[in-house]
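Note sheet for the following structure.
The values are calculated or read from the model by the stated rules, or taken from the named source; none is laboratory data. Given the structure is predicted, the values throughout are model-derived calculations rather than measurements. Cβ placement follows ideal geometry from the backbone for every residue including glycine, while neighbour counts extend to all protein chains displayed. SASA here: full protein model, heavy atoms, side chains in, ligands and nucleic acids out. Shrake-Rupley method; radii C 1.70, N 1.55, O 1.52, S 1.80 Å.
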Amino acid sequence: MKSSNTHKGAAILILLFSAFFLIITGRFLYIQSTAEIEGVNLNEWAEKARTSSYSLDADRGNIYDKNGMLLAYDRPTYKVYAVVDPEFSQSEEEPAHVTSPDETASALAPLLDMETSEIETQINDAQEDGRFQVEFGSKGANLSKDQMEEIEELDLPGIDFEEQSKRYYPNGTFASHIIGFARNDDGLITGVTGVEKQMEDYLQEQKGEISYERDKYGSKLLNPNEVLTEPDNGDNVHLSIDQKIQTFLEDAMATVDEEYEPEKIMAAVMNPKTGEVVALGNRPSYNPNDLGEVDNWYNDIIADSFEPGSTMKMFTWASAIEDGVYNGKDTFESGSYEVSGSTIRDHNREGWGEITYDEGFERSSNVAASKLGYELLGPEKFREYLSEFNLDEKSGIDLPGEGQGKILYDYPIEKVTTAFGQGSTNTPLQLMTAATAIANDGKMMRPYTLSKVTSSENGEVISEKEPEVIGEPISEDTAIKMRELLGRVVSGENGTGSPFELKDYSLGGKTGTAQIPKEGGGYLTGKDNHIFSFLGMAPVEDPELLMYVAVKQPNLDVTETGSEPSSFIVKSVMENSLHYLDIDPDQEKEPEVKEKEVKDYVGKSTEKAEKDLKKDFKNVTVVGAGSEVTATLPEAGTNVMTEQRMILVTDEPVMPDIQGWSLRDVQELAEHFNLELETMGDGYVSNQNMEEGTALREGGYLVVELTKPE
């Protein structure tokens, strides 16, 4: 017979289990009816768990030059990944995951520039960790379409791609300090420098999104509840930069950069009637497609301020003319000028005696500038004109990072030296902005590089820049007189700008040779330690282009002047650009026939000899790739017309291409190498029997066919 305690225990257990059952059942009934646990809605949680969301790429706006040339755009790149989960292949007829890590790694390694073992280890580790897929770091990202297709052709199970966008600049270093660059930041391309940064609000794209419910393998459910938000592409930005003129500038700067290895080059070309910047560049530059090694991020021509040197004198003279205190025929004693215990000297320390102020401008006299600013105008009035020319303010150009110089005007000596460009500082763009008043009949224009913004959807113009007059510091009459003086600087008998003279167009401008301050006070010494600059306009009577060039600390030979690097850029860019713009030449000069004596280059460096000969002779041909000169044809000491061909023979002579040579040139070559020469016809060489690159040896046989030009 069971005890009463046993019955009581059983009853208690039955009650406990009944209560527990009721609680569990009640909980299930509650969850079933409310679909909620601890405040979490189970329907929403399940929907979220089986919902996949993907962003839909949109394109950042393109950047174009003024003629519609594409300068920046989004280019698709690809990231490769490997699916390693075997379950992904369950519903597939063919394997959809990596079935053979070693074979996959062996095939991918050479295409990704990775070690086979490295790829195989990553795949195996991912499988052991139960991961769904594995990526291959930077080596597996940013693949081109060609690279992606090459991998696709391998038909490797489990290997797939994710498409990404990367900002691409098809012209490399072309105008890179204007365009700037953008980078992909968590899937969104964002501007960092230049126009890419300045116009971010317009260029920025808005990604779309698509979401749907799917099973564990990513396949859509029958009723996926799909939600789609359309992507929105960024707007397009059009620059004032002209691709052709920018190319002229880039090529000229590259030549000077290679030949003279300067610390810096800064250059820009502007339409002075509108303020449009049609070309702008700096050296060092950078390629926005490859930011591994960048020597200079700064857009120096708008950011860097330094003593302008004698380019400032055009504003000193313009101020004096405008104020009515200038008479170009008045004279002064050049050489030196005493003021407040200091002595101002001309670059020719002995001076040129008593000369007119017009000649003083032509010769770039510091004394003349000092007397105009300090005596004739007076310091207060001159300071007012500096403000009228906006030389104490930023230009307001539509690019980030613009700098500003400083007018030093506290002490009498500073008020004097500012008149000839020493002490006070300016950016090149400040000087160019002020010079538009001289080039544009008194109206000073705000510079700009952003021409318009258009819709990427339909091409509709969203905003457009209009030329803006920001001041009229001088009258039209003063501007005309100043352009006449600037023209004399280049073409006058005593002009310091004669190396800049153009062939087909009149050019007016002012040279500058600025000293470079050194730490602790004073200036650097030595021929190379200057900033050699030029600010000018052409054609001088009615300027279509305004140009500034500065070359800092070029490596000059003993015989070279500081103006040679900057004059090469100015002449090349201005002459070509004006012809490209179809501007009628305004000066026709008879070709000047000159005669030069050939120097002795035997035993000298071929590279240096060629460079030196090209200064005097238009046609220089190097025979062979040797590093040392063995002869010049005609020989050293001969007086030769500058139009005649000079032949530089090296210690490794080979047959040159003589197409277009005159019979005399061919005879010079044949005689030097004791070649048996046979000619057919008259005129200039149209065919040769000895192929270019053939070794030249004495006693060879040379046959040429000559043809008269049409």
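Descriptive notes on the structure:
- Segment 235-247: number of residues that are open to solvent by 40 Å² or more (accessible area, probe 1.4 Å) and within 13 Å of the chain's Cα centre (by Cα): 2
Residues checked against (1) open to solvent by less than 10 Å² (accessible area, probe 1.4 Å); (2) hydrophobic (A, V, I, L, M, F, W, C); (3) in contact with a Leu (Cβ under 7 Å, 6 or more places away or on another chain); (4) more than 17 Å from Val640 (Cβ to Cβ):
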{"residue": "Tyr548", "(1), (2), (3), (4)": "yes, no, yes, yes"}
{"residue": "Pro554", "(1), (2), (3), (4)": "yes, no, no, yes"}
{"residue": "Ser566", "(1), (2), (3), (4)": "yes, no, no, yes"}
{"residue": "Val570", "(1), (2), (3), (4)": "yes, yes, no, yes"}
{"residue": "Met574", "(1), (2), (3), (4)": "yes, yes, yes, yes"}
{"residue": "Ser605", "(1), (2), (3), (4)": "no, no, no, yes"}
{"residue": "Lys615", "(1), (2), (3), (4)": "no, no, no, no"}
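- With respect to the conditions (1) out of contact with any strand residue (DSSP E or B) (no Cβ under 9 Å at 6 or more places or on another chain); (2) at negative phi; (3) of a type outside the set (Phe, Trp, Tyr); (4) not in a helix (DSSP H, G or I), Gly401 lacks only one, and its number is (2).
- Verdict on Ile413 being more than 30 Å from Leu502 (Cα to Cα), in a helix (DSSP H, G or I) and touching a strand residue (DSSP E or B) at 6+ places or on another chain (Cβ under 7 Å): yes
- The criterion of at least 2 residues that are out of contact with any Cys (no Cβ under 8 Å at 6 or more places or on another chain), in contact (Cβ under 8 Å) with a residue 60 or more places away in the chain and not polar (S, T, N, Q) is met by the following strands (runs of 3 or more DSSP E) wholly inside segment 492-603: 508-515, 530-538, 545-552.
- Top-ranked residue of segment 260-297 - restricted to ones that are more than 10 Å from the chain's Cα centre (by Cα) and aromatic (Phe, Trp, Tyr), ranked as nearest to Ala72 (Cα to Cα): Trp297
- Of the numbered criteria (1) open to solvent by less than 60 Å² (accessible area, probe 1.4 Å); (2) out of contact with any strand residue (DSSP E or B) (no Cβ under 9 Å at 6 or more places or on another chain), the one Ser138 fails is (1).
- Residue, farthest from Leu71 (Cα to Cα), within segment 452-469, restricted to residues that are out of contact with any Phe, Trp or Tyr (no Cβ under 8 Å at 6 or more places or on another chain) and open to solvent by less than 30 Å² (accessible area, probe 1.4 Å): Ser455
- For Gly459, the test of being within 31 Å of the chain's Cα centre (by Cα), more than 23 Å from Gly423 (Cα to Cα) and part of a loop (DSSP other than H, G, I, E, B) is passed.
- Test for Val622: is it under 28 Å from Gly681 (Cβ atoms), open to solvent by less than 70 Å² (accessible area, probe 1.4 Å) and assigned to a strand (DSSP E or B): yes
- Selection within segment 389-420: residues that are among the charged types (D, E, K, R) and under 32 Å from the mean Cα position of the chain (by Cα). The member of this set that is surrounded by the fewest Cβ atoms within 10 Å (Cβ to Cβ) is Lys406.
- On the stretch given as segment 248-295, residues that are of a type in the set (Asp, Glu) and either open to solvent by less than 10 Å² (accessible area, probe 1.4 Å) or touching an Asp or Glu at 6+ places or on another chain (Cβ under 9 Å) (or both) total 1.
- Flag if Val325 is at pLDDT below 95, farther than 22 Å from Asn426 by Cα and not in a helix (DSSP H, G or I): no
- Residues located in segment 665-710, provided they are open to solvent by less than 40 Å² (accessible area, probe 1.4 Å) and of a type in the set (Val, Ile, Thr): Val666, Val685, Val703, Val704
- Residue in segment 81-89 that is open to solvent by 20 Å² or more (accessible area, probe 1.4 Å), under 39 Å from the mean Cα position of the chain (by Cα) and modelled with pLDDT of 90 or more present: yes
- Here Pro543 meets the list (1) under 24 Å from Ile438 (Cα atoms); (2) surrounded by 20 or more Cβ atoms within 10 Å (Cβ to Cβ); (3) within 20 Å of the chain's Cα centre (by Cα) almost entirely, failing just condition (3).
- Some residue of segment 433-450 being within 30 Å of Gln587 (Cα to Cα), out of contact with any Asp or Glu (no Cβ under 9 Å at 6 or more places or on another chain) and part of a loop (DSSP other than H, G, I, E, B): yes
- Residues that are under 26 Å from the mean Cα position of the chain (by Cα) and either basic (Lys, Arg) or assigned to a loop (DSSP other than H, G, I, E, B) (or both) were ranked within segment 145-169; the one that is surrounded by the most Cβ atoms within 10 Å (Cβ to Cβ) is Tyr169.
- Candidates in segment 174-199 are the residues that are under 30 Å from Ala254 (Cα atoms) and charged (D, E, K, R); of these, the one that is surrounded by the most Cβ atoms within 10 Å (Cβ to Cβ) is Glu196.
- Single unsatisfied condition, Phe181 versus (1) touching a residue at least 24 places away in the same chain (Cβ under 8 Å); (2) over 25 Å from Asn287 (Cβ atoms): (2)
- Residue in segment 327-356 that is surrounded by the most Cβ atoms within 10 Å (Cβ to Cβ), counting only those that are aromatic (Phe, Trp, Tyr) and under 14 Å from Tyr374 (Cβ atoms): Tyr337
- Any hit, segment 170-185, residues being in a strand (DSSP E or B), out of contact with any helix residue (DSSP H, G or I) (no Cβ under 7 Å at 6 or more places or on another chain) and among the aliphatic types (A, V, I, L, M): no
- Yes/no for Ser319 being open to solvent by 60 Å² or more (accessible area, probe 1.4 Å), in contact (Cβ under 8 Å) with a residue 40 or more places away in the chain and not acidic (Asp, Glu): no
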